[in-house]
Amino acid sequence: MQLSMMELKVQSAREQESINWHLASHGVPKSLHCLCLKLAEEYAVNAMARSHLPPPEYVSRLTDPSFHHVVLLTDNVLAASVVISSTVQHSANPEKLVFHIVTDKKTYIPMNAWFAINPIKSAAVEVKGLHQYDWSHEVNVHVKEMLEIHRLIWSHYNDNLRNANFQHEGVNRRSLEALTPSCLSLLNHLRIYIPELFPDLNKIVFLDEDVVVQHDMSSLWELDLNKKVVGAVVDSWCGDNCCPGKKYKDYLNFSYPIISSNFDHDRCVWLYGVNVFDLEAWRRVKITTNYHKWLKHNLNFGMELWQPGVHPPALLAFEGQVHPIDPSWHVGGLGYRPPQAHNIKMLGDAAVLHFSGPAKPWLDIGFPELRSLWNRHVNFSDKFIRKCRILG
């Protein structure tokens with residue numbers, strides 16, 4: 001009896017530790033908040049910080065298909081700087097790169113200020129706020145509908161977590177995903193509207209804000225997707241069917257026939273965060289319309305078809321439209337756990353490292369053994385980085 005009570009206490013302590021770890025990942029560090037404030041002040045007093053991006057001589061590149069277009073949707077200035085710096089540093093042809101940063105209204109000024117006073121040599125950088133888009137009434141309605149359904153899913157799972165008795169460790173760990181702010185992030189969900197964000201582009205590489213590029217990515221734009229919409233890593237360095245991004249059963253509820261009759265529960269999911277998108281094919285097969293269809297299905301089934309987040313409905317919407325790319329392009333999950341010693345070589349070989357998971361490298365809970373891979377692309381000599389005490 002005493003042993004049983006001790007086991008329950010240990011299990012409860014582990015659950016509480018897991019919850020605390022996830023909660024620690026939700027806040028914005030004081031140093032990053034400081035950076036945005038200092039950059040906003042600079043924008044107000046420095047005409048260079050207010051410069052329109054890209055400069056006039058690069059504007060024609062924004063829609064030129066002969067250039068390599070990279071899309072980031074982010075409100076994290078420091079993270080965006082690392083993505084772009086690491087990509088340019090390892091590019092064989094940096095002058096062919098065009099970065100399109102989409103951010104929210106509150107971050108637009110500091111984001112523009114950063115890249116205006118820290119221009120990237122050769123490459124073009126566009127910074128655009130969501131408030132600068134003039135979408136049709138129909139698109140606005142659909143975006144609001146999408147966000148409302150995601151909010152309902154989040155609330156449903158959040159309520160389940162609050163009512164949980166912490167007796168089922170695996171179930172609670174999955175439910176913790178409902179607490180992740182990214183589940184409600186407008187910028188996160190707007191990736192399904194990339195064709196509307198960039199109506200004049202036909203092929204782009206999408207990068208998440210929490211990646212570091214380690215090798216030249218030029219060949220991604222030349223990749224033949226075999227008429228599919230998205231190129232993504234499915235299997236991984238760890239071997240056949242090891243599923244670096246888990247399996248469909250980890251995201252979808254196979255107790256419902258609408259899921260079990262259409263999908264294989266044991267299949268590996270494709271990874272989000274380093275993707276090649278054929279926007280022409282996306283528009284042709286109506287991926288975004290299919291996405292909304294699945295959102296409504298989930299609403300009709302009481303928000304029980306999948307866990308909160310961006311990935312589950314994307315798995316459904318892009319079904320049959322995924323072209324597997326080489327696993328070395330994308331090593332993810334580095335925000336969940338550091339790799340074991342025998343996998344360290346894999347980190348060096350990877351084209352892109354993805355800190356997906358709670359332990360972001362800019363947070364105190366980031367893994368020290370991995371943070372240096374990210375820190376090497378932070379400009380610690382910058383006066384605003386130093387003023388805000390962003391330390392490596």
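General remarks:
- Pair-distance profile P(r), taking every C-alpha pair of segment 86-159, with 5 angstrom steps and integer %: 3, 13, 15, 14, 14, 13, 11, 10, 5, 1
- Between Glu138 and Ser261, the contour length at 0.36 nm per residue exceeds the alpha carbon distance by 41.1 nm.
- Tail beyond 22 Å, pair distance distribution of segment 210-350 (Cα, percent): 44
- Cross-link pairs Lys106/Lys144; Lys106/Lys360; Lys203/Lys345; Lys38/Lys121; Lys128/Lys203 - those with Cα-Cα distance over 27 Å: Lys203/Lys345
- For segment 190-197, the Karplus equation 6.51 cos²θ - 1.76 cosθ + 1.60, evaluated at θ = phi - 60°, returns couplings of 6, 4, 6, 10, 4, x, 7, 5 Hz by residue, with Gly and Pro reported as x.
- Modelled this way, with points 7 Å down the Cα-to-C-beta line, the labels at Arg386 and Ser182 are 3.3 nm from one another.
- All Cα-Cα separations within segment 31-90 were binned at 10 Å from zero, giving a P(r) of 17, 39, 37, 7, each value a whole percent of the pairs.
- Local net charge near Lys387, Cβ-Cβ under 13 Å (Lys/Arg +1, Asp/Glu -1): +2
- Selected from Leu62, Asn112, His131, residue furthest toward positive end of dipole (segment 54-134; charges at beta carbon): Asn112
- Dipole moment magnitude, nearest 20 debye, segment 81-161 about Cα centre, only Lys, Arg, Asp, Glu C-beta charged: 320
- Computed from the C-alpha gyration tensor, the three semi-axes of the ellipsoid equivalent to segment 310-390 are 29, 17, 13 Å, from longest to shortest.
Bear in mind these aren't lab numbers, they're just calculated from the coordinates by the rules spelled out. Because the structure is predicted, anything quoted here is derived from the model rather than measured. Neighbour counts run over all protein chains shown; Cβ positions are idealised from the backbone, glycine included.
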